[in-house]
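First up is the structure itself, then whatever we jot down about it.
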Amino acid sequence: MKTRNISAIVALTALAISVLPFERISAQTDSNLPARATIPTAIPTAVFPVLPSVAPGYRAPQVAPSAAEIIGVTQQPFVGISLQDAIAMALLKNPNLAVSASNFRVARYDIVQAKGAFDVQLHLEPSSSFSVQPPSNLLEAGPGEVGKYGSGPSAIYTQGPGNIIQHQSTFQYGVGGQLENGTTYQAGIQQQRTYNNSIFNAYNPYYIASLNLSVTQPLLKNFGMNAAKRQLKLALVNADATTAQALIDTSNTIAQVEDTYWNLVAAWRNVAIQEEALREAILQQQSNVRLAKRGAAAPIDAVESETQVATFQDDVFSALENVSQLQNQLKSLVVTDAADPIWRANLVPSSDVGQLPSAEDLETIISEAHQNRPEVRQAEDKRLEADLDRAYAKNQSLPQADVQAAYLSNGFAGLLAPVPAFLTGICSSTSGLKACPTPPPQTQGTMAFAYHNMWAGYFPTFNIALVVGYPLQGNLARGLRGVASEESHQAAILLEGVSERIGAEARNALQSYQSALSRLNASRQSREAAESVYASEVRKFHRGASTTFLVLQRQVELAQARGRELQAQTALNQSVVELQRVEGTILTNNGVNLQTLGTEALAR
């Protein structure tokens, strides 16, 4: 017996030790706090703001309900529109996409413009000049006229020097240009006919035809990469970036069209839900009125059900207003012309819910996005621009070393002019010849002989030179290197940002899709349960085991459950659209062609 008592005492002691706290715990009272509350406690004094008198005597006007219709459309017949038709119309008529497509074409024309630096330039320059100069001396003069020196019988008549008359016609033509590697070339021919009445000219008129060939080849600076080539490469990269931007705009527009389309589906179905709730409320009101007339229900029950009818009627008008707003939003996405007949159409979506995509893991979605998203392509173009500027800066830091080579072939011909008599006498007296020597036979003739002499190369001139230069400060190259370096940093940051954004969007899109599936399942079960509860409540009401309040409450709960299921269905459709946008497959799935993008909008 003693042993049993000792065991009991030990057990009680251990239990007390384990229960009693030896350290302070959060639920333990503080000695600084009051031991008990003071009763009664102090009642706080309410503070009310000063209320002004707002529109004294104002009362809401008594108005009649408007017709349940959508403004600006033909109420019936309804016009069905499929999702694919809406997307196709947006691709052809959306004004924003039309501008994006125009920018895409402008970028292509910029490439053509940049190629203009390497066009072969045709040069034509006809000219004509006529001059009359006074004779400066006897040797530079034209045929003179008889002049009178003195007067009277001693006057002397003699032929003096005349004015120098020259008429020169010139025609220059040729080609020139620049190659992408920096080589510049020039090839031209100049033909000239000159009439000059100077008495000492051996030819009158005489003809000149000259061939001029020149080439300048950079060896260091401007070789391979030069300003013109850089502009062409940048134009190509910019065109690709503009194409990517057009694809981004198209992807976003398609996503907007699909989201608006599914919202319109939900809006029309919400009208049906609210109308169904309104019909059930009207049936309940009619039942309450009959019971009240027989004395089986209180008149207040009929008034209570009338309040519920008015509430559901307001919900019907709100749902119809939402349909109108979404119709206008969809129409603004798929047409450009304010006079388009679609604005009068009462649009009703006709496409059913598409097949749900197969469940993919996050890594697969991110991998697909990196392959298909135009944002990645745009970021890569930024890096290519930086690489081009870096190569150009490196080239411009080199010294100039240009080799210049030129070839000139002069072709000369003319018609022999009469040799003055005094010159013939000089030739006879000094050399014993009967006449002065004549020029070579191949130089005698018209312009055809001049061209012949030019092509034959009788009078060639060659020239070759090396031009070397180097800027002492080198500010241009140093500035270009700095810009290229900053652009490289920007490109790296942009690429990293795009990758990070794709990862975040992929996580959000997949999470939204999985959540939408779960929400749809839960909301469907909730709706089915609400239908069962409402049906049971109605049966109980008819047996007298329920009240009007509970029946109306079940009606509200059923309408809310149907609305939640509709919202979950819409969220699921839109999550599929977001998955396609994030993966970049929304473009290929809808057959986007930039060549036809916005063509009907631009054709107006």
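Just so it is clear, none of the values below were taken in a lab; they were calculated from the coordinates. All of these numbers come straight from a predicted model, not from anything done at the bench. We place every Cβ from the backbone using ideal geometry, glycine too, and count neighbours over all the protein chains shown.
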Yeah, region 334-423 with a ≥ b ≥ c from its alpha-carbon gyration tensor (a/c under 1.5 is rounded, else prolate when a/b outruns b/c, oblate otherwise) is oblate
Cα convex hull volume per residue for region 202-333, in Å³, equals 202
For the chain, calculated [θ]222 nm from helices alone, where every DSSP H run of n ≥ 4 adds -39500 (n - 2.57) = -19000 deg cm²/dmol
Residue 485 versus residue 58: modelled label distance in nm, points set 7 Å from Cα along the beta carbon direction = 6.6
So, relative contact order of the chain in percent, Cα under 8 Å, 6 or more apart, is 20
Determine, for the chain, the count of lysine pairs separated by eight or more sequence positions (or lying on different chains) whose alpha-carbon distance falls under 22 Å.
-> 14
Identify the residues of region 170-194 with backbone N under 11 Å of a label point that sits 7 angstrom from the Cα of residue 122 along the Cα-to-Cβ direction, or state none.
-> 174-175
Given 175, 66, 569, which one lies farthest toward the positive end of the charge dipole of the chain, if we put +1 on the Cβ of every Lys and Arg and -1 on the Cβ of every Asp and Glu?
-> 569
With a Förster distance of 60 angstrom and the Cβ-Cβ distance between residue 599 and residue 405, calculated FRET efficiency to the nearest 0.05 equals 0.70
Could the peptides 325-337, 444-456 be put in order, highest first, of the mean number of other beta-carbon atoms found within 10 Å of their residues?
-> 325-337, 444-456
Efficiency of FRET between residue 348 and residue 547 - r from beta-carbon atoms, R0 25 angstrom, step 0.05 = 0.05
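May I ask you to compute the full-extension gain from residue 540 to residue 173, defined as 0.36 nm times their residue separation minus their alpha-carbon distance, rounded to one decimal in nm?
Numbers: separation 367, 0.36 × 367 = 132.12 nm, distance 10.67 nm.
Stretched out fully, the residue 540 to residue 173 stretch lengthens by 121.5 nm.
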Measuring from label point to label point, each 7 Å out along Cα→Cβ, what is the residue 504 to residue 466 span in nm?
-> 5.9
Can you tell me the FRET efficiency between residue 75 and residue 286 if r is taken as the Cβ-Cβ distance and R0 is 25 Å, rounded to the nearest 0.05?
-> 0.35
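If we sort 467-475, 285-293 on the protection proxy, mean other Cβ atoms within 10 Å, highest first, what's the order? Walk me through the numbers before you get to the answer.
On the way: 467-475: 9.8, 285-293: 17.1.
Per-residue Cβ counts within 10 Å, averaged per peptide and sorted highest first, yield 285-293, 467-475.
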With charges set only on the Cβ (+1 for Lys and Arg, -1 for Asp and Glu), what does the dipole of the chain come to about its Cα centre, in debye to the nearest 20?
-> 500
Area projected by the alpha carbon convex hull of region 238-277, averaged over all directions, nm² | 2.2
Helix 83-93 axis, angle to the chain major axis (alpha carbon atoms, nearest 10°) | 30
Percent antiparallel among DSSP beta bridges (both partners in the chain, rounded to 5) = 95
In degrees, nearest 10, range 0 to 90: what is the angle between the Cα axis of helix 374-396 and the longest Cα principal axis of the chain?
-> 30
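State the extension gain, in nm to one decimal, for the chain segment bounded by residue 448 and residue 517, taking 0.36 nm per residue of separation less the distance between their alpha-carbons.
Details: separation 69, 0.36 × 69 = 24.84 nm, distance 9.11 nm.
In short, 15.7 nm is gained.
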